[in-house]
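Enquirer: Mind having a look at this structure? Questions to follow.
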Amino acid sequence: MDDETRSRVVASAEALNYQLNITIRDVAAYAGVSVTTFLFINNNPLTKPATRQHVRNAIRDLDYHPNTTARNLKANETRMIGYSWHVAEDPILRNPLLDLFLYELAQCANRRAITF
C-alpha cells in the first residue's frame, strides 16, 4: 500500500473512531516475506539474521501486537476464567466469601500470568 492510500485509510478510521488491527499478513507484506516466514521467524534456524531483523523492524513500524483471541482459538484454549454466583440475599450487602474467592482467583491467575 502506498503512503497516500495508507494515510487516507488511517484518517478515515480515526474519523469513525475505528481501530485498525494490523494482522500477520500486513506485517509479512510490509516486510516482503511470506506469512510462513513471519510465523516461524524466531523458531527457524534457517532464517537469515537480516530477514529476522527486517521482520522485527516491520513489527515495530506497524506497531503490531498479536491478537490474543486469534491465538487462543488456534491453540483451542480460551484462557478465560468464569464463575457464577447466586445472590440469595440483598445484593448491596457485602459478601466476604465472594470477596475472598475473587481475591484468591486473581492471585492464582497472576501467578500463572493470566490476564482478565
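The values are calculated or read from the model by the stated rules, or taken from the named source; none is laboratory data. This is a predicted model, so every value here is computed, not measured. Positions of Cβ are backbone-derived with ideal geometry, glycine not excepted, and every protein chain shown enters the neighbour counts. These accessible areas exclude ligands, DNA and RNA; they are computed on the full protein's heavy atoms, side chains included. Shrake-Rupley method; radii C 1.70, N 1.55, O 1.52, S 1.80 Å.
Enquirer: Mind checking which residues of region 1-56 are open to solvent by 100 Å² or more (accessible area, probe 1.4 Å) and of a type in the set (A, V, I, L, M)?
Expert: Within region 1-56, MET1, LEU16, LEU46 qualify.
Enquirer: Which ones in region 56-87 are in a helix (DSSP H, G or I) and within 27 Å of ARG112 (Cβ to Cβ)?
Expert: Selection gives ILE59, THR68, THR69, ALA70, ARG71, ASN72, LEU73, LYS74, ALA75.
Enquirer: Turning to a different aspect of this structure: How many of the residues in region 25-55 are outside any loop (DSSP other than H, G, I, E, B), at pLDDT 85 or above, among the hydrophobic types (A, V, I, L, M, F, W, C) and out of contact with any Leu (no Cβ under 7 Å at 6 or more places or on another chain)?
Expert: The number of residues fulfilling the criteria is 6.
Enquirer: Can you run down the residue pairs with Cβ atoms below 6 Å, 6 or more apart or on separate chains, where the first is in region 42-59 and within 17 Å of TYR30 (Cβ to Cβ) and the partner is open to solvent by 100 Å² or more (accessible area, probe 1.4 Å)?
Expert: ALA58/TYR30
Enquirer: Output the residues belonging to region 57-86 that are aliphatic (A, V, I, L, M), modelled with pLDDT under 80 and open to solvent by less than 80 Å² (accessible area, probe 1.4 Å).
Expert: Across region 57-86, the qualifying residues are ALA70, ALA75, ILE81.
Enquirer: Find all pairs meeting these conditions: Cβ atoms under 7 angstrom apart; at least six residues apart or on different chains; first residue within region 14-27 and within 25 Å of PHE38 (Cβ to Cβ) and without any contact (Cβ under 8 Å) to a residue 60 or more places away in the chain; second residue surrounded by 10 or more Cβ atoms within 10 Å (Cβ to Cβ) and among the polar types (S, T, N, Q).
Expert: Close Cβ pairs (under 7 Å, with a partner that is surrounded by 10 or more Cβ atoms within 10 Å (Cβ to Cβ) and among the polar types (S, T, N, Q)) amount to ASN21/ASN67.
Enquirer: Any idea which of (1) under 30 Å from ASP3 (Cβ atoms); (2) modelled with pLDDT of 85 or more; (3) open to solvent by less than 80 Å² (accessible area, probe 1.4 Å); (4) not polar (S, T, N, Q) is the one LEU102 doesn't satisfy?
Expert: LEU102 satisfies every listed condition except (1).
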